[in-house]
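Asks: Let me begin by handing over the structure; questions about it come next.
Read-outs: derived from the displayed coordinates by stated rules, not from any lab. Keep in mind that this is a model prediction, so the values were computed, not measured. Using ideal geometry, Cβ is built from the backbone for each residue, glycine included, and neighbour counts are taken over all protein chains shown.
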Amino acid sequence: MTRVGDGVGNGVGEVLLDESAIRAEVGRLALQISADYADKSLHLVGVLKGAAVFLADLLRALTVPATLDFISIVPYGQVTTSGVVRIRKDLDEPIEGKDVLVVEGICASGLSLSYLLRNSQTRRPASLRTCAFVVKRRERPTDVTLHYFGREIPDVFVVGYGLDAQEQYRNLPYVARLA
Ligand code: IMP
Ligand code: MG
């Protein structure tokens, strides 16, 4: 399914994950997560803004009770390449004693997730895991553990399904390379 030139998708290239592939991945992840947290109540922490669309789908596909919070960080790339990250919008609620799943739209270098893990751990959650819908196939300088992930993609810049290029293309219902 290609939609190059259809208006919304103007400027995008090859589609890496179309709507049906996305639906299948979300369903598979939700099944796995629901099974792993069967006797628990899940506290999802979405990383703004890229995770918003995936999180909305994942949340509705889960069969365990789930609560929701969001965090926003200033990408390290805009400040430094050292992996130092600044929190732009912090969580609304404490996560102490909660079973926390940090949800990212995409994992590239892993620096963001790695920072979020270290930061979250200091807040003493009962458990802490990570989920990213799309993972780039590349070397990661950090030792971030991805407990759940959807699809591995080549190390290219992608947009759609919540992922942006300068705030554009988040509303594309598929994940595509930027042309
Ligand atoms: P990290 O390199 O794993 O820390 O990813 C940092 C952030 O960069 C992600 O959460 C995204 O917001 C953004 N990002 C990385 N790769 C892409 C991409 O291909 N498209 C859109 N955003 C990306
Ligand atoms: Mg971005």
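Asks: So if R0 is 25 Å, what FRET efficiency would Asp36 and Asp143 give, r being the distance between their Cβ atoms, rounded to the nearest 0.05?
Replies: Calculated transfer efficiency: 0.70.
Asks: Further question: Amide H of Leu44 versus every other amide H placed in the peptide plane: which residues, excluding those fewer than 5 positions away on the same chain, fall under 5 Å?
Replies: For Leu44, whose amide H was placed from the backbone, the distant partners under 5 Å are Thr67, Leu68, Asp69, Leu101.
Asks: Test of understanding: in a Gaussian network model of the chain with alpha carbons linked when under 10 Å, which of Arg137, Arg28, Arg118 would top the mean-square fluctuation ranking?
Replies: Most flexible of the set in this elastic network: Arg118.
Asks: How much net charge surrounds Tyr37 when only the other residues with a Cβ under 14 Å from the Cβ of Tyr37 are counted, with Lys and Arg +1 and Asp and Glu -1?
Replies: 0
Asks: Using a basic spin-label model with each label point 7 Å from the Cα along Cα→Cβ, how many nm lie between Arg177 and Asn10?
Replies: Here the answer is 2.2 nm between the modelled labels.
Asks: Sticking with this one: Enumerate lysine pairs in the stretch 17-166 that are 8 or more residues apart or on different chains, then count those whose Cα atoms are under 25 Å apart.
Replies: So the count works out to 5.
Asks: What is the sum of charges, Lys and Arg at +1 and Asp and Glu at -1, for the other residues whose Cβ falls under 13 Å from the Cβ of Val74?
Replies: In short, +3.
Asks: How much net charge surrounds Ala52 when only the other residues with a Cβ under 12 Å from the Cβ of Ala52 are counted, with Lys and Arg +1 and Asp and Glu -1?
Replies: -1
Asks: Build a GNM of the chain with springs between Cα atoms under 10 Å: which of Ile33, Ile153, Ile87 gets the top mean-square fluctuation?
Replies: Comparing Ile33, Ile153, Ile87 in a Gaussian network model of the chain, the most mobile one is Ile87.
Asks: May I ask for the percentage of alpha-carbon pairs in the chain that lie more than 27 Å from each other?
Replies: 24
Asks: Using the Karplus equation 6.51 cos²θ - 1.76 cosθ + 1.60 (θ = phi - 60°), what ³J(HN,Hα) coupling, rounded to whole Hz, does each residue of the stretch 136-150 give in order, writing x for Gly and Pro?
Replies: Listing the rounded values in order: 7, 7, 6, 6, 10, x, 9, 9, 5, 9, 9, 6, 9, 8, x Hz.
Asks: With +1 on the Cβ of every Lys and Arg and -1 on the Cβ of every Asp and Glu, and nothing else charged, how large is the dipole of the chain about its Cα centre, in debye rounded to the nearest 20?
Replies: Around 260 debye, computed over the chain.
Asks: Who wins for biggest fluctuation among Phe54, Phe157, Phe149 in a Gaussian network model of the chain, springs between alpha carbons below 10 Å?
Replies: Ranking Phe54, Phe157, Phe149 by mean-square fluctuation puts Phe157 first.
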